[in-house]
1. Identify, by number, the condition in (1) more than 20 Å from E90 (Cα to Cα); (2) in contact with a helix residue (DSSP H, G or I) (Cβ under 7 Å, 6 or more places away or on another chain) that G53 doesn't meet.
2. Report yes if some residue within segment 99-113 is exposed (fewer than 11 other Cβ atoms within 10 Å of the Cβ) and in contact with a strand residue (DSSP E or B) (Cβ under 7 Å, 6 or more places away or on another chain); otherwise report no.
3. Restricted to segment 72-125, and to residues that are free of Cβ contacts under 8 Å to residues at least 40 places away in the same chain, assigned to a loop (DSSP other than H, G, I, E, B) and among the polar types (S, T, N, Q), which residue is nearest to V164 (Cα to Cα)?
4. Does S4 satisfy being at pLDDT below 90 and farther than 27 Å from D105 by Cα?
5. Among the numbered criteria (1) β-branched (V, I, T); (2) modelled with pLDDT under 90; (3) under 20 Å from the mean Cα position of the chain (by Cα), which single criterion is violated by T137?
6. Filter segment 14-34 for residues that are without any contact (Cβ under 8 Å) to a residue 40 or more places away in the chain, in a helix (DSSP H, G or I) and out of contact with any helix residue (DSSP H, G or I) (no Cβ under 6 Å at 6 or more places or on another chain); which is surrounded by the most Cβ atoms within 10 Å (Cβ to Cβ)?
7. Report the residue count in segment 35-71 for those that are farther than 19 Å from S6 by Cβ, in a helix (DSSP H, G or I) and aromatic (F, W, Y).
8. Among the residues of segment 13-36, which ones are modelled with pLDDT under 90 and more than 17 Å from T92 (Cα to Cα)?
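The values are calculated or read from the model by the stated rules, or taken from the named source; none is laboratory data. Fair warning: this is a prediction, and the values are worked out from it, not measured in the lab. Positions of Cβ are backbone-derived with ideal geometry, glycine not excepted, and every protein chain shown enters the neighbour counts.
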Amino acid sequence: MLTSFSGLVILQQFFSALHLKQRLNNCLANLNHGKIFNRATVFMQLILHVLLGYRELQDSRYYRDDPLVKRLLGLNQLPDVATVSRALKEATADSVGHLRLLLRDVVLERLRSIQPARVTLDFDGSVQSTRRKAEGTAVGFNKKKKGARSYYPLFCTLAQTGQVL
């Protein structure tokens with residue numbers, strides 16, 4: 001079978017080394033009752049989606065039939081966009097908290113393994129435009145859409161590894 005995403009073989013090994021699917025299962029176990037698609041698998045698909053460079057959920061149509069994507073996720077068929085969207089809506093404050101703890105643990109494990117002499121935190125913001133008057137938006141500096149309402153989330157990354165905190 002042919003695949004457009006042969007580089008996913010490396011990610012498959014990386015996810016396996018991190019025990020990512022099992023760890024996601026632990027975080028999202030309370031959301032799996034009566035579901036066809038395991039929520040950890042849906043979140044794995046979201047991770048792949050972003051790593052493949054896609055932003056909108058509808059873009060999953062570009063890899064829906066790819067055999068390597070299906071193999072990496074352990075599925076015969078990928079969930080459709082509505083299922084992924086519902087899975088995101090069903091996430092509880094508890095499950096989000098567990099995911100945050102997991103992300104923190106992964107970053108700290110990496111730091112322990114490389115043992116840097118110092119840790120440099122890099123703070124940076126990013127303008128994200130919106131077309132509506134949503135809570136937390138403001139009119140501010142936006143090169144692409146002057147006068148548009150935007151969010152300005154602040155990101156913190158570890159300079160040594162590039163990991164987002």
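1. (2)
2. no
3. Selected residue: Q115.
4. Details: at pLDDT below 90: yes; farther than 27 Å from D105 by Cα: yes.
So S4 passes the test.
5. For T137, the failing item is (3).
6. L20
7. Within segment 35-71, residues that are farther than 19 Å from S6 by Cβ, in a helix (DSSP H, G or I) and aromatic (F, W, Y) number 1.
8. Listed by number, the list holds a single entry, I36.
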